[in-house]
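Shown next, in structure tokens, is the structure this report addresses.
Laboratory data are not the source of any read-out in this text; all were calculated from the coordinates shown. What you see is a predicted model; the values in this text were computed from it and never measured. Counting neighbours? That spans all protein chains shown, and the Cβs are built from the backbone with ideal geometry, glycine included.
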Amino acid sequence: MSTGYKPKKGYLPMNKIDDNLLEQLYAEAHFNEFTSRPIFIDQTEWDSWFRKNNKYFAVKDLARSFYTIKYYENNVFDGNEEQNEVWEMIALKISDSTQQDSSNTSRILPYLNRLFPYAAIFIATLLGAIWWINKPIGVQKNSVSFFTTEKKETFLLPDSTRLTLNKNSKAIFSFNDTIRLLTIEGEGYLEVAKKEKQRKRVPFEVEHEGFKVEVLGTKFNFIGTRKSQSVALFEGKVKVSDRSGYALMKPGEVFKSHHGQLVKLTINPNFFAAWNTGVLNLNNTRLKEILDWLQISQDRDFNIQLSKERLNNTISGKIKLENESDLYQTLENFYNLKISHIGNQVLITEANQY
């Protein structure tokens, strides 16, 4: 679905030229493909598209406002159980802005007052988006460290958040009254507790070398290793970002950072909880999907020498993940593979290849 958005005729004080040009723009297949991406389009990329398609340049800013509002409608305000709390935070932000100057808000409000006189809710929505992107970071005052060796372990953080670290992982939790920051090296599953200070939500962030997740109360899996950075969301909402930009995730989605770009993956998110639950559930699952998950979740170099036909083989069942060797042995038996471990490399071939 495109995130382009154009209100019904008669709602906006636009002239006929703008109206006709917008009609043409939203009928443009290339534009609809451009705006349907799950990652929010930054201003530089937006300007670049309109320079290449300069016949629409006159409505660039107008289309940008529609796109921004529709993106946040689709990705934040969709009836989720967190919705009321998000609106409360937006109301607090608006209240604060009446007492102190906000450069972001002051620049955009005059334009929005002209653009949407009939719907104050749109102004609140966009203010909420501004608040979400530009929350103050604060200074960390306290910190505590956690680590695991040969087995996973669950910890209760000072704010009552539950953190389960996979084996050979470590984390540092820094916090004060305005921010909660968890740095992970390895893999962790989190159930984030809600915390407020003076009626304002205290943000919770998870980070690894520039790859960052910002959350409300939620459940998700985070991987930050030398080989991979990814997040799988099970419940709630998170904002995931790296140096290339950010995206607002919904439950059931998996994102990773790949060569400096955020990429949405077509992998069953429950795979990323399997190390914690102890069971990998397969339901007509392709071998390729399992191998994609392994390459992300294991801090190893994979050399996969399989035909496309073999990668598309499917199977259903359950694999117990009591230890790593059992997992590879089961995959060998299920898919008729030969899996060899050479140092930190995993070589996967067809059983009869050599």
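Kindly put His208, His259 in sequence by how many other C-beta atoms sit within 10 Å of each C-beta, fewest to most.
Starting with the residue having the fewest Cβ neighbours, the order is His259, His208.
Where does each of Ser228, Ser160, Ser297 land when they are ranked from fewest to most other beta-carbon atoms within 10 angstrom? Can you show the working numbers first?
On the way: Ser228 18, Ser160 11, Ser297 22.
Neighbour counts put them in this order, fewest first: Ser160, Ser228, Ser297.
Using the count of nearby Cβ atoms within 10 Å as a rough guide to exposure, how do Phe34, Phe211 rank from fewest to most?
Phe34, Phe211
Please compute P(r) over all alpha-carbon pairs of region 142-267, binned at 10 Å starting from zero, and give each bin as a whole-number percent.
13, 47, 33, 6, 0
Which whole-Hz ³J(HN,Hα) couplings does region 176-185 yield from phi under the Karplus relation 6.51 cos²θ - 1.76 cosθ + 1.60, θ = phi - 60°, glycine and proline marked x?
Calculated HN-Hα couplings, in order: 8, 6, 10, 8, 10, 10, 10, 9, 10, 10 Hz.
Which trypsin sites (Lys or Arg not before Pro) in region 160-236 pass both tests, a DSSP loop state and at most 11 other beta-carbon atoms within 10 Å?
Listed in order of number, the matching sites are Arg199, Arg226.
Placing +1 on the Cβ of each Lys and Arg and -1 on the Cβ of each Asp and Glu in region 224-354, which of Leu291, Leu262, Ser228 has its Cα farthest towards the positive end of the resulting dipole?
Leu262
Starting from the coordinates of the alpha-carbon atoms of region 283-354, obtain the Kirkwood hydrodynamic radius over all distinct pairs and give the value in Å to one decimal.
Answer for region 283-354: a Kirkwood hydrodynamic radius of 12.5 Å.
Quick one: of Lys256/Lys288; Lys152/Lys195; Lys152/Lys250; Lys167/Lys264, which pairs are farther than 20 Å apart, Cα to Cα?
Working: Lys256/Lys288 17 Å; Lys152/Lys195 26 Å; Lys152/Lys250 27 Å; Lys167/Lys264 26 Å.
In this structure, Lys152/Lys195; Lys152/Lys250; Lys167/Lys264 exceed 20 Å between Cα atoms.
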